[in-house]
Amino acid sequence: MPTLQEQFIISITSHDRVGIIYEVTRAIGSLGGNIADIRQSVLCGYFSMILLASFPPKTTRRSIEGKLAEVDSNSESAIETVVRKAENNVLSYNSSVPENAYVLTATGHDRIGFVATIALFCVQHNINIIDLSTTVSNGAYVMILIVDLNHIASICEMRRDLQKFTSENDITVVLQHYDIFRAVNEINLPIR
Amino acid sequence: MIQPEEILKTVDMIQKENLDVRAVTMGISLLDCRRATIELTCEAIEEKIKRHAAHFVETCEAVSAEYSIPVVNKRIAVTPIAYVGAGFCAADFVKIATALDNAATAVSVDFLGGFSTDVSGGTLYGDRELIAAIPDALTSTKKVCASINVGTTRSGINMDAVVLLGQTVKDLAERSRDQGGFAAAKFVIFTNQPGDNPFMAGAIHGLGLPEVVINVGVSGPGVIARALERRIDQDSDRNLGLHDLAEEIKRTAFRVTRCGELIGRRVAKALDIPFGVVDLFLAPTPNVGDSVGEIIQILGVDAIGAPGSTAIVALLNDAVKKGGAFASQSVGGLSGAFIPVCEDRVLANAVRDENLVLEKLEAMTSVCSVGLDMIAIPGSVDAATISAIIADEMAIGMINNKTTAVRVIPVPGKEAGEYVSFGGLFGESTIAPVRNAGKSTRFIQFAGKIPAPIHSLRN
């Protein structure tokens with residue numbers, strides 16, 4: 001029964017090199033851990049991974065940390081880990097993008113507080129950010145956010161506020177439904 | 001998850017490159033609206049259109065707002081009216097046009113197409129009355145558009161009708177003299193007219209279609225032009241062949257069609273109406289950066305109409321169809337590139353500069369998706385010459401198994417080189433000369449029928 005298992009969220013950061021995923025997952029496997037979901041990315045040469053795994057009953061945070069410390073001690077670069085027990089009742093296995101997902105792109109000059117400015121707007125309008133990445137395009141700093149608009153009061157009102165927000169902050173913002181991006185970039189048409 | 005570069009490319013396409021859904025068209029069958037009297041028939045027609053299209057425009061606008069992609073026109077296409085009104089006289093057909101106009105106004109659509117019939121195999125009594133009613137019908141209404149199919153590859157060209165319609169075009173222009181002959185812009189003559197096209201003035205809801213259907217016309221010449229420019233810019237140091245550019249057009253057409261399919265399906269679902277086709281046509285608007293002519297120039301001719309222009313249109317038209325065909329479950333019969341002169345600033349300028357002439361346009365239409373479209377010609381051109389222009393264009397369609405159409409506007413009181421403006425999406429243009437006008441009279445006087453070509457015998 002999966003409910004008897006202990007669920008842990010483990011995050012790993014390190015300088016990127018060959019073999020980190022193998023070493024970490026082998027260590028988890030040796031404790032009987034079964035990986036349910038995993039996200040990994042490399043940011044400016046820095047490896048970062050977050051995973052959810054279920055372990056046999058009575059596995060403790062300490063035992064996982066101990067095993068991963070062994071990986072760290074054998075590694076040429078430091079591997080930092082954070083292990084946390086997950087509450088079963090708050091886990092959501094639905095990793096698909098929600099129905100009311102939009103893509104928000106914000107373009108402007110690189111400056112301190114850029115991301116926070118956009119994030120503040122999202123907070124004020126009850127917009128949940130599902131995915132966030134940044135890139136540089138034509139010399140400008142571009143934030144790409146996938147946001148969930150299921151909890152906003154009114155999209156029309158929010159768009160009006162967004163317009164005001166962009167002119168006040170000298171940022172170009174485009175908010176477009178996620179379906180459009182899927183429709184034009186994927187083979188399957190998103191039909192709801 | 002979609003990659004950031006793909007997201008940025010898509011954002012550019014929508015925000016900077018004039019991507020829009022040009023038209024969402026609701027097709028409505030009116031076959032069951034025939035009643036004993038013209039008054040009752042008109043009542044039934046109005047009632048049915050209002051019933052089905054009551055929430056059509058607001059639904060399009062809601063979906064458009066949700067996706068933040070403009071839906072430029074909301075239109076209705078109805079069963080060719082000759083089928084509904086057969087047995088009524090011309091004056092009664094004008095009353096039907098008024099009923100259609102009232103219904104279109106009541107549901108706030110931009111245009112309504114279907115004051116139409118098919119006479120390719122012969123002209124019935126009802127067809128004759130409908131044709132006789134066209135000048136009155138189109139000048140006494142605002143939103144009604146008319147079209148007549150005079151030929152098919154299977155049955156040849158009805159030249160008796162072509163003779164009649166040359167005069168109809170003249171009458172329409174003459175009766176709207178104060179608007180530069182604008183009524184003629186609401187009338188189009190076809191060969192192989194598709195029954196499900198969402199494009200005005202030729203939209204109809206053909207026989208054999210569902211009771212009500214949603215069709216979508218997507219445009220996007222601006223998107224394709226920018227994609228080609230980027231590609232040429234990026235790969236300038238490599239040997240970029242036309243096949244590479246065709247591929248770029250195809251891919252971009254896929255993206256553009258997908259947006260239309262998405263929006264059309266959402267509108268259809270919200271209204272609980274079956275979804276018909278997406279017509280991906282590159283139809284320009286008079287806006288800068290939204291031009292098919294510009295694409296032709298990007299593909300390598302400095303003046304549109306220069307040798308090579310026809311080959312370019314052929315490449316463009318085919319690549320657009322290929323991209324669209326894969327993007328949509330069902331692509332409409334008119335997909336391809338349109339070259340409506342008045343509606344395309346770059347084409348209109350080419351006519352002004354005398355680079356693009358009627359004969360070259362005709363050649364280009366043999367490989368584009370429709371035909372001689374929105375061309376202003378001198379008001380002095382006689383009806384027989386207009387019939388002969390129609391006959392030439394119909395012959396191209398008949399022989400090549402394709403749709404061709406003619407929508408010319410003989411601008412009353414103006415001559416070649418003068419200028420006419422129709423306003424809005426209908427655009428403006430210098431009046432194109434018609435060479436050899438008046439020299440086809442004997443041909444037109446023969447009338448009768450041009451027999452179907454040998455390859456109509458396909459069974």
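Bear in mind these aren't lab numbers, they're just calculated from the coordinates by the rules spelled out. Just so it is clear, the model here is predicted, and its values are computed rather than measured. Using ideal geometry, Cβ is built from the backbone for each residue, glycine included, and neighbour counts are taken over all protein chains shown.
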Helical segments meeting 18 Å axial Cα length and Kyte-Doolittle -1.0 threshold in chain B (DSSP H): B:38-53, B:90-106, B:125-139, B:159-175, B:221-234, B:242-271, B:309-327, B:383-399
FRET efficiency, B:Ala54 to A:Glu168 (Cβ-Cβ, R0 35 Å, nearest 0.05): 0.30
Cα-centred dipole magnitude for segment B:141-229, charges only on beta-carbon of K, R (+1) and D, E (-1), debye, nearest 20: 180
Interatomic Cα distance distribution for the protein assembly as shown, bins of 10 angstrom, percent: 3, 14, 21, 21, 15, 10, 7, 5, 3, 0, 0
Ranked list, fewest to most other Cβ atoms within 10 Å of each Cβ, for A:Ser137, B:Ser64: A:Ser137, B:Ser64
Cα-projected label distance for A:Asp131 with A:Ser41, points at 7 Å along beta-carbon direction, nm: 0.9
Dipole magnitude (debye, nearest 20) for segment A:2-90, charges at Cβ of Lys, Arg, Asp, Glu: 240
Value of relative contact order over chain B, rounded to a whole percent, pairs C-alpha under 8 Å and six or more apart: 17
A:Leu162, B:Leu31 arranged by Cβ crowding within 10 Å, fewest neighbours leading: B:Leu31, A:Leu162
HN-Hα J in Hz across segment A:130-145 - Karplus 6.51, -1.76, 1.60, θ = phi - 60°, x for Gly and Pro: 8, 8, 9, 9, 10, 8, 10, 10, 6, x, 9, 8, 10, 9, 10, 10
For the protein assembly as shown, calculated [θ]222 nm from helices alone, where every DSSP H run of n ≥ 4 adds -39500 (n - 2.57): -13000 deg cm²/dmol
Modelled label reach - A:Lys58, point 7 Å along Cα→Cβ, segment A:3-41 residues with backbone N closer than 20 Å: A:3-8, A:28-34
Cβ-derived FRET efficiency at R0 22 Å, B:Glu418 paired with B:Lys142, nearest 0.05: 0.25
Simple spin-label estimate for B:Val288 and A:Val82 in nanometres, 7 Å along Cα-Cβ: 5.2
Exceeding the 25 Å Cα-Cα cut-off - candidates B:Lys142/B:Lys439; B:Lys143/B:Lys360; B:Lys48/B:Lys142: B:Lys142/B:Lys439; B:Lys143/B:Lys360
For segment A:1-61 versus segment B:311-341, the gap between their alpha-carbon centres in whole angstrom: 50
Hull-based mean projected area of chain B, where the convex hull spans the alpha carbons, in square nanometres: 21.5
Simple label model, 7 Å out from Cα along Cβ direction - A:Arg26 to B:Cys89, nm: 9.8
Span from the segment B:81-96 Cα centroid across to the segment B:142-214 one, whole angstrom: 16
Computed Rg/Rh of segment A:2-90, alpha carbon atoms with Kirkwood Rh: 0.96
Positive-pole candidate from B:Phe111, B:Ala91, B:Gly166, dipole of chain B, charges at beta carbon: B:Ala91
Long-range amide H partners of B:His205 with built H, under 5 Å: B:Val78, B:Thr79
Per-pair calculated FRET efficiency, R0 = 25 Å: A:His109 and B:Lys9 via Cβ, rounded to 0.05: 0.70
Residue (of A:Ile152, B:Gly27, B:Pro70) at the positive-pole extreme of the protein assembly as shown, dipole from beta-carbon charges: B:Gly27
